[in-house]
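Worksheet for the structure shown next.
The values are calculated or read from the model by the stated rules, or taken from the named source; none is laboratory data. Quantities reported herein were computed from a predicted structural model and do not represent experimental measurements. Cβ coordinates were reconstructed from backbone atoms using ideal geometry, including for glycine residues, and neighbour counts include every protein chain displayed. For accessibility, only protein heavy atoms count, side chains too; no ligands or nucleic acids. Shrake-Rupley method; radii C 1.70, N 1.55, O 1.52, S 1.80 Å.
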Amino acid sequence: QVQVVESGGGLVQPGGSLRLSCVASGFIFRFYTMAWYRQAAGKQRELVATITSGSRTNYGDSVMGRFTISRDNAKNTTTLQMNSLNIEDTAVYYCYFRRSGVDYWGQGTQVTVSS
């Protein structure tokens with residue numbers, strides 16, 4: 001069964017850090033571009049970061065310089081390190097990949113930035 005499962009969300013104060021993980025199973029992880037998206041309440045889902053099979057990365061403008069995406073093909077895991085968090089980063093964060101025209105999403109993990 002193909003799936004991706006996120007973990008690591010939680011409550012953090014402004015300026016703090018969190019590390020999200022996405023563990024993949026049921027497919028050959030190292031072949032695929034992986035991505036993180038987020039969706040804040042009342043807003044559209046937006047791209048946070050992507051990492052290709054060759055570990056080339058791309059970031060949304062709002063997180064550039066603060067977030068870092070990485071992958072460990074040996075562990076079938078992609079990680080999102082989030083630093084200098086602010087209230088606008090509050091959202092549900094989703095792990096995503098696309099295979100043969102089919103989109104796969106995780107269940108999401110809540111990140112709340114609040115003092």
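Some values worked out for this structure:
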quantity	calculated
Distance-filtered residues of region 76-99 - backbone nitrogen under 17 Å, label point 7 angstrom along I28 Cα→Cβ	76-77, 98-99
Sulfur and carbon atoms: percent of accessible area, the chain [1.4 Å]	46
Accessible area per residue in Å² at 1.4 Å probe, computed on region 34-83	54
Label point distance in nm, K75-S55, each placed 7 Å from Cα along Cα→Cβ	1.4
Residues Q1 and A41, FRET efficiency given R0 of 41 Å [Cβ-Cβ distance, rounded to 0.05]	0.85
Choice from S100, S25, S62 with maximal GNM fluctuation in the chain (Cα, 10 Å cutoff)	S100
